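J.: This is the structure I have questions about; it appears just below.
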Amino acid sequence: AHFAKEQLILLTREWYMHPNGQLPAYEWAFGDVNPPVHAWAAMKVYQIDAQQQGKADTAFLKRVFNKMLLNFTWWVNRKDAEGQNIFQGGFLGLDNISLFDRSARLPHGGYINQSDGTAWMGFYCLTMLDIAIELAKADLSYQDMAVKFFEHFLAIAVAISGVNRQGAGLWDEDDGFFYDVLRLPDGSAVPLKVRSLVGLMPLMAVETIGQETIDRLAGFARSMKWMVEHRPNLTGNIAKIDVEGYGDAIIFSIPTRERLIRVLRYMLDEDEFLSDYGIRSLSKVHDKQPYGITIGTETFSVNYQPAESQSGLFGGNSNWRGPIWFPINYLLIEALRRYHRYYGDDLTVECPTRSGNMMTLDKVADELSRRLTRIFLRDGAGKRPLYGGQAVFQHDPLWRDYVLFYEYFHGDTGAGVGASHQTGWTGLIAKLLQQSGE
């Protein structure tokens, strides 16, 4: 935790952060945009460090929070083309998940209103809200920042849902899914109906606040109450109930309960996203039903590719068209546990879809954890799925117990694909093993 704190502080120093608040993506293209997970990472490191040291390092959290304010403002100023709380972002670490290279100018002009970019900003808001509330425990002045991020989150949740005054959201009521929308120079809007992780990411933007916290932060509570009473158009995505063992609780989320259930039907469908080894990055339905659109004289398409990329888009080095990636799987599991913390055992869904097996959301999170864990464990034949048909790694006594952390995993077999050095994210398997008791 100490090393992680130093790295987070270093990243936000003047040597790396641009004066306008932008953080570099990677060494060969500073201008690309990666997902804004830095505040989330800081909060996690802060919590782990407090457990290890027996005391909270609020000075560290304040330093990172102050810099994240700059970065958040950069996002708002640079990645919301219409000023409507619908975000673009471009690359966002998902390489070739789109029909287009999102790091480059679109071939026919215009831009993409991104479901994942907007969801990340909702997620960012809630993380900053969480940090502000934590800091307000010792310094009530941080309530003002909690209110700021509370209000901004509501605006994003309403915008992505398409219920603001402009009505230009990313939710498709007929399909029950979130899609990217292509905005062309002539002003037309074309939904890109690819069922991919970008439509699942809005599920990650969720947080709950208990009555104890609300009672402690009277200023924040008054602002929430005022917002509900005077701006009801913004508050459709928050709700309050009495939760057994938790007292009164408030949930902030992008999807409403009904929309959450509809999206989960896709996510937990083994013919769509749910693999034996986790959540695929692209629905398997696109194996037999590729999605394509024609703009002018050009046709662009996406099909299911569970392993190496079949496309040269973004160098063909990385693949988000079917494989399983740990980062999003882990964050989806975290989100499901937060939803369960609020909805409790009253909300159950079929897992897998059409199985008739009803599960609470915490049990769904457990099931996803087991499937991800299965990648690394020996099966009944004594083989680890991540090594596929590599006999040396499966059987050689000098190699069989050395587990590699691949970049991503085959969407159908769980075999490791890509670089075998991604210990930062794929190493999250340790946390899943701890939670599942394996």
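J.: Work out Dmax and Rg for segment 257-298 from the C-alpha atoms and quote the Rg first, both in angstrom.
T.: Every Cα atom of segment 257-298 included, Rg and Dmax give 13.6, 42 Å.
J.: Sticking with this one: If I model a spin label as a point 7 Å beyond the Cα along the Cα-Cβ vector, how far apart are those points for Gln53 and Arg231 in nm?
T.: So the two model labels end up 3.6 nm from each other.
J.: Here is a further query. Let me see the pair-distance distribution of segment 33-103: every alpha carbon pair, 10 Å bin width, integer percents in order.
T.: 18, 36, 27, 16, 4
J.: Related question: For the chain, with only Lys/Arg (+1) and Asp/Glu (-1) charged at the beta-carbon, what is the dipole magnitude about the Cα centre, in debye rounded to 20? Before the final figure, lay out the partial values.
T.: Details: 43 positive and 51 negative charges, 102 e Å.
Using only the charged Cβ atoms, the result is roughly 480 debye.
J.: I've got another one for you. Viscosity 1.002 mPa s, temperature 20 °C: Stokes-Einstein D of segment 79-235 from its Kirkwood Cα radius, in µm² per second?
T.: Details: Rh = 16.8 Å.
It comes out at roughly 128 µm²/s.
J.: Ok, one more. Net charge near Arg354: determine it from the other residues with C-beta under 10 Å of the C-beta of Arg354, scoring Lys and Arg +1 and Asp and Glu -1. Each step should come with its number before you reach the end.
T.: Values: positive: Arg265; negative: Asp269, Glu270, Asp271, Glu350.
Computed value for this residue: -3.
J.: Moving on. Determine the per residue accessible area of segment 246-387 with all protein chains present and a 1.4 angstrom probe, expressed in square angstrom.
T.: 39 Å²
J.: Taking a cut-off of 22 Å between Cα atoms, list the lysines near Lys67, but don't count ones fewer than 8 places away on the same chain.
T.: By straight Cα distance, Lys67 reaches Lys5, Lys44, Lys79, Lys137, Lys148.
J.: Can you tell me the alpha carbon radius of gyration of segment 160-221 divided by the globular rule-of-thumb value 2.2 N^0.38 Å? Display every interim value, and only then the final one.
T.: Details: Rg = 17.0 Å, N = 62, 2.2 N^0.38 = 10.6 Å.
Relative to the 2.2 N^0.38 Å estimate, segment 160-221 comes out at 1.61.
J.: Give me the number: length gained by fully extending Ala138 to Gln434, i.e. 0.36 nm times residue separation minus the C-alpha to C-alpha distance, one decimal in nm. Before the final figure, lay out the partial values.
T.: Values: separation 296, 0.36 × 296 = 106.56 nm, distance 3.15 nm.
Fully extending the segment from Ala138 to Gln434 adds 103.4 nm.
J.: Placing +1 on the Cβ of each Lys and Arg and -1 on the Cβ of each Asp and Glu in segment 242-380, which of Thr256, Phe326, Thr294 has its Cα farthest towards the positive end of the resulting dipole?
T.: In segment 242-380, that residue is Thr294.
J.: How far apart, in nanometres, would the label points at Ala419 and Ala391 be if each is projected 7 angstrom from Cα along the Cα-to-Cβ direction?
T.: My value for the distance between the label points is 3.1 nm.
J.: For the residue pair Gln310 and Glu270, what label-to-label distance in nm results when each label sits 7 Å from Cα along the Cα-to-beta-carbon direction?
T.: A separation of 2.4 nm, rounded to one decimal place.
J.: Can you give the FRET efficiency for Val285 and Val37, using 1/(1 + (r/R0)^6), R0 = 22 Å, r = Cβ-Cβ distance, to the nearest 0.05? Please list the in-between numbers first.
T.: Details: r = 29 Å, r/R0 = 1.30.
Computed FRET efficiency for Val285 and Val37 comes out at 0.15.
J.: Which one, Tyr26, Leu386, Gly89, is farthest towards the positive end of the dipole of the chain when Lys and Arg carry +1 and Asp and Glu -1 on their Cβ?
T.: Positive-most Cα among the choices belongs to Tyr26.
J.: Can you give the FRET efficiency to the nearest 0.05 for Trp399 and Trp28, using r as the Cβ-Cβ distance and R₀ = 25 Å? Kindly include the intermediate steps, with their values, before the conclusion.
T.: Values: r = 33 Å, r/R0 = 1.31.
With a Förster radius of 25 Å, E is 0.15.
J.: Please compute the net charge surrounding Tyr304, taking Lys and Arg as +1 and Asp and Glu as -1 over other residues with Cβ under 9 Å from its Cβ.
T.: Numbers: positive: Arg280, Lys284, Lys288, Arg321; negative: Asp287.
Cβ neighbours under 9 Å give a net charge of +3.
J.: Once you have all Cα-Cα distances for the chain, histogram them in 10 Å bins from zero and send the whole-percent values.
T.: Reading the bins upward from 0: 4, 20, 32, 28, 13, 3, 0.
J.: Moving on to the next point. Just the accessible area per residue of segment 40-107, please: how many Å² with a 1.4 Å probe? Numbers along the way, then the final one.
T.: Values: 3020 Å² over 68 residues.
Normalised by residue count, the accessible surface of segment 40-107 is 44 Å².
J.: Then there is this: Using a 1.4 Å probe on the protein heavy atoms, what percent of the accessible area of the chain belongs to carbon and sulfur? Can you show the working numbers first?
T.: Details: 9470 of 19030 Å².
That fraction is 50 percent.
J.: Quick one: dipole size for segment 253-356, taken about the Cα centre, charges +1 on Lys/Arg Cβ and -1 on Asp/Glu Cβ, in debye to the nearest 20. Numbers along the way, then the final one.
T.: On the way: 12 positive and 13 negative charges, 54 e Å.
Computed charge dipole of segment 253-356: roughly 260 debye.
J.: Over all alpha-carbon pairs of segment 1-126, lay out the pair-distance distribution in 10 Å bins, whole %, shortest bin first.
T.: Going from the shortest bin to the longest, the percentages are 12, 40, 31, 13, 3, 0.
J.: Based on the Cβ-Cβ distance of Ala381 and Asn77, what FRET efficiency does E = 1/(1 + (r/R0)^6) give at R0 = 35 Å, to the nearest 0.05?
T.: Details: r = 55 Å, r/R0 = 1.58.
The pair Ala381/Asn77 has a calculated efficiency of 0.05.
J.: Students often forget the sequence filter, so: which lysines lie under 21 Å Cα-Cα from Lys288 once same-chain residues fewer than 8 apart are removed?
T.: Lys193
J.: Can you tell me how much longer the chain between His18 and Ile293 gets when fully stretched, taken as 0.36 nm per residue apart minus their C-alpha distance, in nm with one decimal? Intermediate values should be presented prior to the final figure.
T.: On the way: separation 275, 0.36 × 275 = 99.00 nm, distance 3.76 nm.
Between His18 and Ile293, full extension yields 95.2 nm more.
J.: Taking each pair of different alpha-carbon atoms in segment 298-438 once, compute 1/r for the pair, average those values, and report the inverse of that mean as the Kirkwood hydrodynamic radius in Å to one decimal.
T.: One over the average 1/r among Cα pairs gives 16.7 Å for segment 298-438.
J.: Could you tally the net charge around Pro24, taking each other residue with its Cβ under 13 Å from the Cβ of Pro24, Lys/Arg +1 and Asp/Glu -1? All intermediate terms of the calculation are to be shown ahead of the outcome.
T.: Working: positive: Arg13; negative: Glu14, Glu27, Asp32.
Here the count lands on -2.
J.: Counting only chymotrypsin sites (Phe, Trp or Tyr not before Pro) that are in a DSSP loop and have at most 15 other C-beta atoms within 10 Å, tell me the longest site-free stretch of the chain. Provide the component values of the computation, followed by the final result.
T.: Values: sites that count: Trp15, Tyr16, Tyr26, Trp28, Phe30, Tyr246, Trp399, Tyr402.
Counting only loop sites that pass the neighbour cut-off, the longest clear stretch is 31-245.
J.: Average projected area of the Cα convex hull of segment 251-320, in nm²? Could you put the intermediate results ahead of the total?
T.: Numbers: hull surface 28.7 nm².
Mean projected area for segment 251-320: 7.2 nm², to one decimal.
J.: Among Asn96, Asn357, Asn34, whose mean-square fluctuation peaks in a Gaussian network model of the chain (Cα, cutoff 10 Å)?
T.: Asn357
The values are calculated or read from the model by the stated rules, or taken from the named source; none is laboratory data. Note that the structure is predicted; figures quoted are calculated from it, not measured. Virtual Cβ from ideal backbone geometry, glycine too; neighbours counted across all protein chains shown. In case anyone asks, the SASA skips ligands and DNA or RNA and just uses the protein heavy atoms, side chains included. Shrake-Rupley method; radii C 1.70, N 1.55, O 1.52, S 1.80 Å.
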